[in-house]
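*Asks:* Please see the structure below; I have some questions.
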Amino acid sequence: MEDVFSGNDSRPLSTRSEEVAFRSKFLLLAMLAAVVAPIGVPGRHVPPIQPLAVFAAEPAVGMLTVQVVDEAGKTLPARVHLRAADGRDLLLPGQATRQSAVYKGTQPVCGDWFYTDGSFRIEVGVGKAQIDIAHGPAYSTVHDIIAVQPGQNSEKTYTLRRLIDPLAQGWYNADEHLHQMPDAALMLGEDLNLAAVPICGGVELSYRPHQRVTPLPDANHVLVTQLPAIEWDCFLWNLPQPLELRLGEEPWPRDDFATSDRPGGSTDLRTSFVVRTPFLIEQAHAAGATTIAYMHDPPRLWYYPLYVANGWIDVYGVLENSYCSIANRGTEADFWQSLDRHGTNGSFGVWYRFLNCGYRLPASAGTDNVGMGVGVWKGYNRVYAKLDGPLTVENWLNALKQGRTFVTNRPLLFVTVDGQNPGSELRVKAATPLRVDIHAVSATPITRVDLVYQARVLKQIDVDPTTELRHIETLTVPGSGWLAVRCLGRGDNPNLSPAFAFAHTSPFYVLVDGQPIRSPEDARYFHDYFSAFMKRSLPRVKNEQIRRLLEAKCRDALAKYAAQADSGEDFPDFPESR
Ligand SMILES: [Zn+2]
């Protein structure tokens, strides 16, 4: 009986008449089975059945009919995690597993899922099924336990409340680092405005402006594919024309290999990271591409100090890659440690240090493949950008470059300082108070908000768990520096939220009495890191012409960090306040 009725492949009963006939068909088949058992059904193996047991049995499945609607009763596309009583995650027909990027030996972070246009019917094994429904960060979520009765239909209508309408304020969200193609069902179900699928392969000698933009399915949802990328370092948006790597005025030499950094190792793919990437990023940026950095294995800095010192990086993908894993694992102390300047497993700490030195790096976010093997949905990490005008790649890039962004894996965090958006420069006289307006909205209740200044927590605000928080803080800053706001909520259902639901604004740049933002301590860090890296890497570059040119570029960058490292006092320490 199990094989006939358990719905192993989650087949729907796709017509009303089938549903009506459900119970009687069971009885008919059971009686038939009792008479002629064992019976052969084409394509299915039916084990021998004991007649008496069959008449006493109940069907192993029921039907579930679900409507997902918004408050106005309008059907809402959504992501659905549906787990039957036997522990299996069910999928709608035609939808493959969504967790294909779980690596060997990696536990998926959440249960499998499917997308619905807002209305579906599915066979579910009897017993207590669990359903979780989400429609992006701007909507409330649903968690429910459904008692599935044998042979019966359960009809459910779930209302997802809109917490806020970001588009009405010009805020569009994007996941700029995906590798598997989103479809319209996903874009709508996740409420994902822009998804980008870069080409991440090796480090090439030439790049083509292949970027393709498709409204999917409409003008408020855009898919960008074929986006050129310099593997492990940055995405090249709006590359205006083909780029052929050159060495100064000369064509790029053929013998551009480097020796391996492993004893006996070959001149593999990674050696070209050592030789080519700094030239490529410089030349792509000079050609007019907008560069969005993504540090693949933080804190693998490599040439980052060179890129940043020269302004070759326009936007910094800070909530990327490893944060899908970090946001789901460990203790809260571990989580905060990943944001620490002295932390070793996240890219926030490195970003903080660059900002401390006065470099302006707006924040962006992406999920990667997919969540670096922990099997999360596309759109897990997102960047929200406040656009001027409609959703176009140009408007979106412009907002990103201006830094009118926050990054998030769940909470929405809208902050202004003296009425200005993130990314703004604020010129003030010493001791002038700044007014910080914070509006945070989150389906995963927020418990903590930090005002961060020069990588230090200037003010920590602990709140009772809340889905909406408005707070005005007036503060006086201790000197020129960058200011940002971050918030945290704790999620306990991984289908609906990371354990650490987190958002972080791009920086505001506060110049007190016209003084630049400086941190000799952090400049020293980059100087020491980068000189050690040069000592290790430059001798590996075999072509002398390349090596000499590269060394000159590196020495210039090193000189900039050295000058700042010697430029006086470190940023004054100030006590954290609550
Ligand atoms: Zn990637």
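*Asks:* Name the residue farthest towards the positive end of the dipole of the chain from the options His527, Gly62, Phe235, assuming +1 on Cβ of Lys and Arg, -1 on Cβ of Asp and Glu, about the Cα centre.
*Replies:* It is His527.
*Asks:* Here is a further query. Sorted by average packing, counted as other Cβ atoms within 10 angstrom per residue and highest first, what order do 163-172, 309-318, 219-228 take? Please list the in-between numbers first.
*Replies:* Details: 163-172: 15.7, 309-318: 23.1, 219-228: 19.2.
Top to bottom by mean Cβ count within 10 Å: 309-318, 219-228, 163-172.
*Asks:* Whole number please: convex hull volume per residue, Cα atoms of segment 124-268, in Å³. Numbers along the way, then the final one.
*Replies:* Values: hull volume 31.7 nm³, N = 145.
Residue-normalised Cα hull volume stands at 218 Å³.
*Asks:* May I pose another question? Quick check on packing: order 481-489, 324-332 by the mean number of other C-beta atoms within 10 Å, highest mean leading. Each step should come with its number before you reach the end.
*Replies:* Values: 481-489: 24.3, 324-332: 19.2.
In descending order of packing, they fall as 481-489, 324-332.
*Asks:* Another question, then. How many lysine pairs are close in the chain, with Cα atoms under 20 Å apart and the two 8 or more places apart or on different chains? Intermediate results must be reported in sequence, preceding the final value.
*Replies:* Values: Lys74/Lys156; Lys104/Lys378; Lys128/Lys156; Lys386/Lys401; Lys535/Lys553; Lys535/Lys560; Lys542/Lys553.
Taking the chain as the scope, the lysine pair count is 7.
*Asks:* Sort segment 525-565 into rounded, prolate or oblate with this rule: let a ≥ b ≥ c be the square roots of the eigenvalues of the Cα gyration tensor; rounded if a/c is under 1.5, and if a/c is not under 1.5, prolate when a/b is larger than b/c, oblate otherwise.
*Replies:* oblate
*Asks:* Going highest first, how would you order 354-360, 197-203 by mean Cβ packing within 10 Å? Could you put the intermediate results ahead of the total?
*Replies:* Working: 354-360: 22.0, 197-203: 17.9.
Highest mean packing first, the order is 354-360, 197-203.
*Asks:* Using Cα centres only, tell me the gap between segment 485-559 and segment 92-126 in whole Å.
*Replies:* What the calculation gives is 38 Å, centre to centre.
*Asks:* Sorted from fewest to most neighbouring beta carbons within 10 Å, what does the list Met534, Met295 look like?
*Replies:* Working: Met534 19, Met295 23.
Fewest-to-most ranking of Met534, Met295: Met534, Met295.
*Asks:* What is the pair-distance distribution P(r) of the chain, computed from all Cα-Cα distances in 10 Å bins starting at 0, with each bin given as a whole percent?
*Replies:* Pair shares across the bins are 3, 16, 24, 22, 16, 9, 6, 3, 1, 0.
*Asks:* Find out how many positive minus negative residues lie around Arg98, taking Lys and Arg as positive, Asp and Glu as negative, among other residues whose Cβ is under 10 Å from that of Arg98. Could the numbers behind the result be given before it?
*Replies:* Values: positive: Arg79, Lys378; negative: Asp89, Asp112.
So the surrounding residues net to 0.
*Asks:* Net charge near Thr367: determine it from the other residues with C-beta under 10 Å of the C-beta of Thr367, scoring Lys and Arg +1 and Asp and Glu -1.
*Replies:* Once positives and negatives cancel, what remains is -2.
*Asks:* What relative contact order, as a whole-number percentage, does segment 447-527 give when Cα pairs under 8 Å and 6 or more residues apart are counted?
*Replies:* Taking the mean separation of contacting Cα pairs over the length of segment 447-527, I get 28 percent.
*Asks:* Alpha carbon centre of segment 314-343 versus segment 179-236: separation in Å?
*Replies:* Using only Cα atoms to place each centre, the spacing works out to 24 Å.
*Asks:* Also, I was wondering about something else. Once the other residues with Cβ under 12 Å from the Cβ of Pro465 are scored (Lys, Arg +1; Asp, Glu -1), what is the net sum?
*Replies:* Values: positive: Arg448, Arg490; negative: Asp462, Asp464, Glu468, Asp492.
After counting each charged neighbour, the total is -2.
*Asks:* Could you put Tyr207, Tyr294 in order, starting from the residue whose Cβ has the fewest other Cβ atoms within 10 Å? Write out the running numbers ahead of the final one.
*Replies:* On the way: Tyr207 22, Tyr294 27.
Ranking Tyr207, Tyr294 by Cβ neighbours within 10 Å, fewest first, gives Tyr207, Tyr294.
*Asks:* Still on this structure, please answer the following. Where in the chain are the DSSP H helices whose C-alpha atoms run 15 Å or more along the long axis and whose mean Kyte hydropathy is at least 0.5? Don't skip to the answer; put the middle values down first.
*Replies:* Values: long enough: 22-36 (21 Å, 1.82); 520-537 (25 Å, -1.03); 544-565 (30 Å, -0.50).
Helices meeting the criterion: 22-36.
*Asks:* Give the relative contact order (percent, whole number) for the chain; include only Cα pairs under 8 Å separated by 6+ residues.
*Replies:* Numbers: 1355 pairs, mean separation 68.9, N = 578.
Reported relative contact order: 12 percent.
*Asks:* Which ordering of Trp237, Trp252, Trp377 is given by a fewest-first count of other beta-carbon atoms within 10 Å?
*Replies:* The fewest-first ordering by Cβ neighbours comes to Trp252, Trp377, Trp237.
Rule-based calculations on the coordinates, nothing more; no lab input. The structure displayed is predicted, hence computed values, not measured ones. Glycine also receives a Cβ, built like all others from the backbone with ideal geometry; neighbour counts cover every protein chain displayed.
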